[in-house]
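*Asks:* Structure incoming, see below.
The values are calculated or read from the model by the stated rules, or taken from the named source; none is laboratory data. From a predicted model like this one, the values you see are computed outputs, not experimental measurements. Cβ placement follows ideal geometry from the backbone for every residue including glycine, while neighbour counts extend to all protein chains displayed.
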Amino acid sequence: MTTQSTAKPLLRVKQLVKHFPIRGGILSRVVDKVHAVDGVSFELQAGETLGVVGESGCGKSTTGRCILRLIEPTSGQVWFEDRDVTAMDKAALRAACRDMQIIFQDPFASLNPRMTVASIIGEALSIHKLAQTPQDYEDRIVSLLETVGLNADHMRRFPHEFSGGQRQRIGIARALAVSPKLIVCDEPVSALDVSIQAQVINLLEDLQEKFGLTYLFIAHDLSVVEHISNRVAVMYLGRIVEIASSRALYTDPKHPYTEALLSAVPIPDPSVKRKRIVLTGDVPNPINPPKGCHFHPRCPKAMDRCRNEAPVLKDLGEGHMAACHLND
């Protein structure tokens, strides 16, 4: 991991919102909406890794895809190097895609089974005209394959001829093809075996060191996020409830939801005892989220104020922020 810079942020996300409409009736009118992302704000420095964690359905992946405009946000702003991504037209967005790429979660679904590895990796080279001659094109693909630990022989093969870990390496090579500055890693190891997960995480760290990459690392495995991230943001039902340095968050969490998540992380040493916090009930329906703090129906420390007033992310010092009335 690289150390956090004090320079101007590479990425700024301000009050990002994404609501998915629910249509019904004969005329297919909008009858309701899913509150997938509900006012997310954060900054990301160049060379930093920000981990985003939370339960399934909390809006992690939607946030990442809205930043890249793979999904159009409902409202809010995304600034990349002082360029407003949310205001870009198609031509400007295509040019910006050279600097912002994504590694998808499922290495089995994210690669076109009818394309060779060379075509998959080289597609972006052709779109952005980054190879001047056919030899440049092939040399670049071979270099990318070797960078992610694959062989030149692999470029003529199809995705079904590779294991899950190898496919994810192909996906990483595809993301690297245009020399991006920011990569959104959308749960890149969740579909892989544990032993392969470690290899891919180590590869991502090596690539970050070599190319000066910045990662938005989305995951639900807190132990993986702790290993790779400089800072961690915890999401619950479309909102960030806590954001802090990796060390501060794991040693001194300030939000009850973060405490509950950390209590479920296995500890290798059986002599170390940890009090397990078991949350009652299920995650509320994102179509009709609770008033006030979204977490209050399951929070063991909820007060009357939590049921009526939504807490804001408050700086508790040294960049540690939490949205909880207990910290007032």
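*Asks:* Only one of these is of a type in the set (G, A, S), out of contact with any Gly (no Cβ under 7 Å at 6 or more places or on another chain) and at negative phi: A219, A323, A244, A310. Name it. Give the steps one after another, and end with the answer.
*Replies:* Numbers: A219 fails: out of contact with any Gly (no Cβ under 7 Å at 6 or more places or on another chain); A244 fails: out of contact with any Gly (no Cβ under 7 Å at 6 or more places or on another chain); A310 fails: out of contact with any Gly (no Cβ under 7 Å at 6 or more places or on another chain).
Checking each option against the conditions leaves just A323.
*Asks:* Something else: With within 22 Å of the chain's Cα centre (by Cα) and not aliphatic (A, V, I, L, M) as the only criterion, which of G54, G122, G25 stands out?
*Replies:* Numbers: G122 fails: within 22 Å of the chain's Cα centre (by Cα); G25 fails: within 22 Å of the chain's Cα centre (by Cα).
One residue alone meets the criteria, G54.
*Asks:* Which one of L10, L68 is within 26 Å of I228 (Cα to Cα), crowded, with 18+ Cβ neighbours inside 10 Å and in contact with an Asp or Glu (Cβ under 9 Å, 6 or more places away or on another chain)? So that I can check it myself, show each step before the final result.
*Replies:* Values: L68 fails: in contact with an Asp or Glu (Cβ under 9 Å, 6 or more places away or on another chain).
L10 is the lone residue from the list that is within 26 Å of I228 (Cα to Cα), crowded, with 18+ Cβ neighbours inside 10 Å and in contact with an Asp or Glu (Cβ under 9 Å, 6 or more places away or on another chain).
*Asks:* Which of the residues that make up the range 243-281 are outside any strand (DSSP E or B), among the aliphatic types (A, V, I, L, M) and within 20 Å of N327 (Cα to Cα)?
*Replies:* A248, L249, A260, L261, L262, I277
*Asks:* Let me confirm something: among V85, V30, V37, V52, which residue is within 30 Å of R140 (Cα to Cα) and β-branched (V, I, T)?
*Replies:* Details: V30 fails: within 30 Å of R140 (Cα to Cα); V37 fails: within 30 Å of R140 (Cα to Cα); V52 fails: within 30 Å of R140 (Cα to Cα).
Just a single option satisfies the conditions, and that option is V85.
*Asks:* Filter the range 163-197 down to residues that are touching a residue at least 40 places away in the same chain (Cβ under 8 Å) and of a type in the set (D, E) and give me whichever is surrounded by the fewest Cβ atoms within 10 Å (Cβ to Cβ).
*Replies:* E187
*Asks:* Search the range 262-283 for residues that are surrounded by 10 or more Cβ atoms within 10 Å (Cβ to Cβ) and modelled with pLDDT of 75 or more and pair each with any residue that is in a helix (DSSP H, G or I) and of a type in the set (S, T, Y) when their beta-carbon atoms are under 7 Å apart and the residues are at least 6 apart or on different chains.
*Replies:* L262/Y250; V265/S223; I277/S263
*Asks:* Considering only residues that are modelled with pLDDT of 95 or more and part of a loop (DSSP other than H, G, I, E, B), which ones fall in the range 10-37?
*Replies:* The answer is L10, and nothing else.
*Asks:* Just checking, which of F20, F108 is closer than 30 Å to F158 by Cα, out of contact with any Leu (no Cβ under 7 Å at 6 or more places or on another chain) and of a type outside the set (V, I, T)?
*Replies:* Numbers: F20 fails: closer than 30 Å to F158 by Cα.
Criteria check complete, one pass: F108.
*Asks:* Can you tell me which residues in the range 13-53 are closer than 15 Å to W79 by Cα, surrounded by fewer than 19 Cβ atoms within 10 Å (Cβ to Cβ) and among the β-branched types (V, I, T)?
*Replies:* Scanning the range 13-53 gives a single hit, V17.
*Asks:* So, in the range 121-179, exactly how many residues are closer than 20 Å to C97 by Cβ, assigned to a helix (DSSP H, G or I) and among the charged types (D, E, K, R)?
*Replies:* Within the range 121-179, residues that are closer than 20 Å to C97 by Cβ, assigned to a helix (DSSP H, G or I) and among the charged types (D, E, K, R) number 3.
*Asks:* For L213, are the conditions met, namely being touching a residue at least 40 places away in the same chain (Cβ under 8 Å) and over 19 Å from H294 (Cβ atoms)? Break it down stepwise before answering.
*Replies:* Details: touching a residue at least 40 places away in the same chain (Cβ under 8 Å): yes; over 19 Å from H294 (Cβ atoms): yes.
Yes; evaluated as a whole, the condition is true for this residue.
*Asks:* Right, something else. From (1) touching a Leu at 6+ places or on another chain (Cβ under 8 Å); (2) surrounded by fewer than 13 Cβ atoms within 10 Å (Cβ to Cβ); (3) not β-branched (V, I, T), pick out the condition that doesn't hold for Q132.
*Replies:* Going through (1) touching a Leu at 6+ places or on another chain (Cβ under 8 Å); (2) surrounded by fewer than 13 Cβ atoms within 10 Å (Cβ to Cβ); (3) not β-branched (V, I, T) one by one, Q132 breaks only (1).
*Asks:* How many of the residues making up the range 284-328 are at pLDDT below 90 and touching an Asp or Glu at 6+ places or on another chain (Cβ under 8 Å)?
*Replies:* 0
*Asks:* Can you pull out the residues in the range 212-242 that are under 16 Å from V265 (Cα atoms) and part of a loop (DSSP other than H, G, I, E, B)?
*Replies:* A219, H220, D221
*Asks:* Checking the condition touching a residue at least 24 places away in the same chain (Cβ under 8 Å), assigned to a loop (DSSP other than H, G, I, E, B) and basic (K, R), which residue from R65, R69 passes?
*Replies:* Going through R65, R69 in turn, the sole match is R69.
*Asks:* What are the pairs with Cβ atoms under 6 angstrom where one residue, in the range 93-107, is within 22 Å of K60 (Cβ to Cβ) and the other, located anywhere, is assigned to a helix (DSSP H, G or I) and modelled with pLDDT of 90 or more? Sequence gap at least six, or different chains.
*Replies:* Q101/A175; I103/G171; I103/I172; I103/A175; P107/G164; P107/R167; P107/Q168; P107/G171
*Asks:* On to the next question. Hey, any hits in the range 91-104 for a residue that's surrounded by 17 or more Cβ atoms within 10 Å (Cβ to Cβ), closer than 15 Å to V13 by Cα, modelled with pLDDT of 90 or more and of a type in the set (V, I, T)?
*Replies:* Within the range 91-104, none of the residues are surrounded by 17 or more Cβ atoms within 10 Å (Cβ to Cβ), closer than 15 Å to V13 by Cα, modelled with pLDDT of 90 or more and of a type in the set (V, I, T).
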